[in-house]
Amino acid sequence: METKGILLDDSQAGRLLKMTCDTLLFLKNDGTCIDMIVKTENNPYVNDQYTLLGKNIFDYFPEETVRELKPAIEYVIRTGEVSNANYDLPAPGQLYFFKCIIQKYDDEHLLCQYRDITKRSQMKKSLQMANERLTETERAAKIGYWSYDTSTRTFDYCGYTGILMKENERFTFTMDEYLKSVYPKDRERLENFFANYALNQMPIEYRIMKDNKLFYLKLKIVNIYSTKDDAAILEGYAQNINDIVSRWDELKMVTQAVDNSNDSFFATKMDGTLIFANPFCRRQNGIPEDVDITKYKAYEEMGNFKDKEMWDNFIEALRANDDTLKYICNYPYPKTNVISSKCISYIIRNEYGEEIIWHIRRDISEQLRYEAQLKKAKEKAEESDRLKSAFLSNMSHEIRTPLNAIVGFSAIMADIDNAEERKKFCNIIESSNKRLLSLINEVLDLSKIESGTLAFDYTPVKINDLYREIFMTHQLCAKQASLVLELPDEEVCINTDKNRLTQVISNLVNNAVKFTPKGTITIGYRLIPDFVEFYVKDTGIGISKDKVDIIFNRFVKVDNFAPGTGLGLSICKTIVERLGGNISVTSEEGVGSLFSFRIPVQPDGPENGGMQDQPEWDPLQPYKSREKATILVAEDIDDNFELIRVLIGSQYRLIHARNGRQAVELFDKYHPDLILMDIKMPEMNGLEAIKAIRGKSPSSPPIIAVSAYAYEEDKRELLDSGCNDFVTKPLDKDVLLTSIHKYL
Ligand code: ADP
């Protein structure tokens, strides 16, 4: 077939027209479509149902399209030029695009070539969008692209790392220039990385130093294009990972803090599933480090949530409190020595929007213990304050009562002629003296206990003898009740402090006498393995049950109006405990009381041959009749000498020295049989005088120190200086005579 000129052959025109790809619209100048060849598929306006035919395109096409199309048609009609432009064709559910080439056919008609470019436009658009997205992602991820020519060692860079270059500008620089910005320690590594590019599939991380600040970069080779002579062009990306590294550092820091915290941290889902627990929490709840906790529920593993019901209640409370709950939990964790915790739980949504409860528990046991101690101390202080006030008012009463008697009766004594009455008053004064003295002794003992200076002097003590002395001393006082002494036949001897032991038993007997209006008071002791048990039993008023347990506490008195300070038993208790024993009481109101105490039998007691015979003497035996012995009395205060003269002047010849020096002189002159030496004196004190006398005559005469100093150390110092015995002021006639009778 002759083909040349076929396209212009009129007879072929219709066939050729059908075969072209564009839709053709033949329009009147007013826009009416009077003919068309359709090549468009699936188009609601321009389709093979010819819906457009006979219609005016300005009425038929959507308004937006007409707005663009109409001026183009008018332009073609007016100028006769060809118009070629792209148009949007919005249809319900889809946006179409078409290209329209409009030509003037004749004065009244137009030919429009309508080409559907919807697919192409859409692809172009989505490509554009993808590009934009990529750029945004690169910008957000701070990624840049580079290529590197190994032959010229030159980089070509463009992108968003934002460290050395501005955003998205192209830069060319050499490796050597670049290395200058790389942190010195990382330079060699980076150079090696590029030198061995073929081996390096993995990215490299290195640092850039700029303005004295470090920036972290991650670089990866993506493509390698070999060129001539073993050289290559490398392509890849670089990412600024500064944020990631610093976040990572922050995360590391937070993780470290949580891991090493002594607070318990754990997180759960709303249904109780555990998703996190720090080491302390695991330790506290006995969950091993390597166990996957997500298999557990908080109410199964955490002791403080007993069961599911308790968990549900907890969630309810959490919700009711705006998703944050503070509470104190008294569940104990013995492994971590915790008795109470301050807790806070709050809900935070995780990145997937799921609600997670974080729980933090802080140990407040120390604080609680401290508060409890404080409370105890406060109560103790209040109690002791109360007791001290009671003690003071009691003391004032205790002091005033005997003092009143002493002052009152002393004043009238001189004017009383009646001998019997005088004797009666004398007895009152003497018993008041004794009461005052024992009060002072108690207070003195208390102060020694407080200051820790209560001293003990251990010697072998025959208990039968000791009991007999006590019995005789108290026999007369116990006027209302009868005093009974129960002693084993065999003498028992123990190593103890005789004075303190006497003090305890006497105190118990005095109490028994005081609180037994009638009946019997039985005193005695018995041997039990390793101990001697002493007892004082009475059939007196007894002690009520509520007081029996506190009767050994200081200042405790059952009856506040009864005489006494409430100190005696507490002093007894201290003494007995210091002697290595313990004291107890059983009592029934209206029936009587049994006070007993045990002290250990010391190993060097008589059974073990440790006992040394003491000089035999009977304290109550009348002094031996003999010629009047001479006693030198060193005493600076005349009244005190006068008292001594009244007490013993009828039995002994007395010589008065007014100070230590005189005492030494008179000793030389008269060679007395015994010396009573006051300690506190002017010019030369008693201690110095004793030393001076003992310097002249080491063993005789016996010297008895007389002093108000009642402390054991003072006594010891005096005894060490050569004095033989010690009596305390104020002087008690019996005590003084007993001491003198030891030697005369
Ligand atoms: P006080 O010096 O006041 O007697 P104590 O400490 O010796 O102090 O005694 C405390 C209290 O114990 C007494 O006030 C008394 O109420 C009670 N008490 C002590 N011994 C007896 C006893 N044998 N019978 C009844 N009550 C006693």
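Phe194: assigned to a helix (DSSP H, G or I) and in contact (Cβ under 8 Å) with a residue 12 or more places away in the chain, yes or no? Yes; evaluated as a whole, the condition is true for this residue.
Can you say whether Asp106 is part of a strand (DSSP E or B), of a type in the set (D, E, K, R), open to solvent by 40 Å² or more (accessible area, probe 1.4 Å) and without any contact (Cβ under 8 Å) to a residue 24 or more places away in the chain, as far as the supplied structure shows?
Numbers: part of a strand (DSSP E or B): no; of a type in the set (D, E, K, R): yes; open to solvent by 40 Å² or more (accessible area, probe 1.4 Å): yes; without any contact (Cβ under 8 Å) to a residue 24 or more places away in the chain: yes.
Against the criterion (part of a strand (DSSP E or B), of a type in the set (D, E, K, R), open to solvent by 40 Å² or more (accessible area, probe 1.4 Å) and without any contact (Cβ under 8 Å) to a residue 24 or more places away in the chain), Asp106 does not qualify.
Screening Glu421 on (1) surrounded by 15 or more Cβ atoms within 10 Å (Cβ to Cβ); (2) farther than 23 Å from Leu567 by Cα shows it passes everything except condition (1).
Among residues belonging to segment 297-307 that are in contact with a strand residue (DSSP E or B) (Cβ under 8 Å, 6 or more places away or on another chain) and at pLDDT 90 or above, point out the one that is surrounded by the fewest Cβ atoms within 10 Å (Cβ to Cβ). First the steps, then the outcome.
Let us first name the residues in segment 297-307 that are in contact with a strand residue (DSSP E or B) (Cβ under 8 Å, 6 or more places away or on another chain), namely 297-298, 301-304.
Add one more test, that the residue is at pLDDT 90 or above, and what stays is 297-298.
Working: Lys297: 17, Ala298: 24.
The extreme case among them is Lys297.
Report yes if Ile550 is under 47 Å from the mean Cα position of the chain (by Cα), within 12 Å of the ligand (Cβ to nearest atom) and open to solvent by 30 Å² or more (accessible area, probe 1.4 Å), otherwise no. Walk me through how you get there before you give the answer.
Numbers: under 47 Å from the mean Cα position of the chain (by Cα): yes; within 12 Å of the ligand (Cβ to nearest atom): yes; open to solvent by 30 Å² or more (accessible area, probe 1.4 Å): yes.
In short, yes.
Taken over segment 626-663, the criterion of being in contact with a helix residue (DSSP H, G or I) (Cβ under 6 Å, 6 or more places away or on another chain) and part of a helix (DSSP H, G or I) is satisfied by Leu647, Gly660, Ala663. Against the numbered list (1) at pLDDT 90 or above; (2) touching a Phe, Trp or Tyr at 6+ places or on another chain (Cβ under 8 Å), Asp271 comes up short only at (2). Under the condition of being over 15 Å from Gly162 (Cβ atoms), out of contact with any Pro (no Cβ under 6 Å at 6 or more places or on another chain) and open to solvent by 50 Å² or more (accessible area, probe 1.4 Å), the residues counted in segment 208-232 number 11.
Within segment 6-47, the set of residues being open to solvent by 50 Å² or more (accessible area, probe 1.4 Å) and either among the aromatic types (Phe, Trp, Tyr) or not in a helix (DSSP H, G or I) (or both) comprises Asp9, Thr20, Cys21, Lys28, Asp30, Ile34, Asp35, Lys39, Glu41, Asn42, Pro44. Taking segment 554-580 as the range and being more than 9 Å from the ligand (Cβ to nearest atom) and surrounded by fewer than 19 Cβ atoms within 10 Å (Cβ to Cβ) as the test, the residues that pass are Phe561, Glu577, Arg578, Gly580.
Sub-6 Å Cβ pairs linking a first residue in segment 538-551 that is without any contact (Cβ under 8 Å) to a residue 24 or more places away in the chain to a second residue that is open to solvent by 20 Å² or more (accessible area, probe 1.4 Å) and assigned to a loop (DSSP other than H, G, I, E, B), at least 6 apart or interchain, are Lys547/Val558; Ile550/Val556, ordered by first then second residue. Within segment 172-202, which residues are within 14 Å of Tyr216 (Cα to Cα) and β-branched (Val, Ile, Thr)? Once the filter is applied, which keeps residues that are within 14 Å of Tyr216 (Cα to Cα) and β-branched (Val, Ile, Thr), segment 172-202 yields only Val182. Of the residues in segment 454-473, none is small (Gly, Ala, Ser), within 16 Å of the ligand (Cβ to nearest atom) and modelled with pLDDT under 85.
With respect to Leu666, is the statement that it is touching a residue at least 12 places away in the same chain (Cβ under 8 Å), open to solvent by 20 Å² or more (accessible area, probe 1.4 Å) and in contact with a helix residue (DSSP H, G or I) (Cβ under 8 Å, 6 or more places away or on another chain) true? Considered against the rule, which asks whether it is touching a residue at least 12 places away in the same chain (Cβ under 8 Å), open to solvent by 20 Å² or more (accessible area, probe 1.4 Å) and in contact with a helix residue (DSSP H, G or I) (Cβ under 8 Å, 6 or more places away or on another chain), Leu666 comes out as no.
The helices (runs of 4 or more DSSP H) found wholly in segment 205-311 and carrying at least 1 residues that are farther than 20 Å from Asn330 by Cα occupy 242-259, 279-285. Given the criterion open to solvent by less than 30 Å² (accessible area, probe 1.4 Å), more than 19 Å from Lys269 (Cβ to Cβ) and under 26 Å from the mean Cα position of the chain (by Cα), identify the matching residue among Tyr327, Tyr333. It is Tyr333. Residues in segment 522-547 that are open to solvent by less than 30 Å² (accessible area, probe 1.4 Å) and either within 7 Å of the ligand (Cβ to nearest atom) or over 30 Å from Asp489 (Cα atoms) (or both): Asp538, Gly540, Gly542, Ile543, Ser544. Selection of strands (runs of 3 or more DSSP E) fully inside segment 408-512 by the criterion of at least 1 residues being basic (Lys, Arg) returns 459-462. Scanning segment 490-507 for residues that are open to solvent by less than 10 Å² (accessible area, probe 1.4 Å) and within 16 Å of the ligand (Cβ to nearest atom) turns up at least one hit.
Scanning segment 508-518 for residues that are within 11 Å of the ligand (Cβ to nearest atom) and open to solvent by 20 Å² or more (accessible area, probe 1.4 Å) turns up Asn510, Asn511, Val513, Lys514, Phe515, Pro517. Filtered by the rule that a residue be open to solvent by less than 60 Å² (accessible area, probe 1.4 Å) and not in a helix (DSSP H, G or I), segment 349-386 gives Asn350, Gly353, Glu355, Ile356, Ile357, His359, Ile360, Arg361, Ile364.
Whether any residue in segment 164-172 is of a type in the set (Asp, Glu) and part of a strand (DSSP E or B) is what I want to check. Don't jump to the end; show me each part of the working.
To start, the set of residues in segment 164-172 that are of a type in the set (Asp, Glu) comprises 167, 169.
Adding the requirement that they be part of a strand (DSSP E or B) leaves none.
No, the conditions are met nowhere in segment 164-172.
Residue by residue through segment 672-693, note down the ones that are in contact with a strand residue (DSSP E or B) (Cβ under 8 Å, 6 or more places away or on another chain), farther than 18 Å from Lys729 by Cβ and either modelled with pLDDT under 90 or open to solvent by 20 Å² or more (accessible area, probe 1.4 Å) (or both). Passing the criteria: only Asp673.
Listed here are the residues, each with its yes/no results for (1) within 24 Å of Val735 (Cβ to Cβ); (2) modelled with pLDDT of 90 or more.
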site: Leu437; (1), (2): yes, no
site: Asn441; (1), (2): yes, no
site: Lys448; (1), (2): yes, no
site: Thr502; (1), (2): yes, yes
site: Glu533; (1), (2): no, yes
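Number of residues in segment 48-95 that are open to solvent by less than 30 Å² (accessible area, probe 1.4 Å) and in contact (Cβ under 8 Å) with a residue 40 or more places away in the chain: the value is 3. Among residues of segment 254-272 being among the β-branched types (Val, Ile, Thr) and open to solvent by 20 Å² or more (accessible area, probe 1.4 Å), the one that is farthest from Lys297 (Cα to Cα) is Val254. Which of the residues spanning segment 128-154 are open to solvent by less than 40 Å² (accessible area, probe 1.4 Å) and among the hydroxyl-bearing types (Ser, Thr, Tyr)? Ser147, Tyr148, Thr150, Thr154 - these are the residues of segment 128-154 that are open to solvent by less than 40 Å² (accessible area, probe 1.4 Å) and among the hydroxyl-bearing types (Ser, Thr, Tyr).
The values are calculated or read from the model by the stated rules, or taken from the named source; none is laboratory data. The structure presented is a predicted model; accordingly, all values stated were derived computationally and were not measured. Note that we place each Cβ from the backbone using ideal geometry, even for glycine, and neighbour counts take in every protein chain shown. Surface areas here come from the heavy atoms of the whole protein model, side chains and all, with no ligands, DNA or RNA. Shrake-Rupley method; radii C 1.70, N 1.55, O 1.52, S 1.80 Å.
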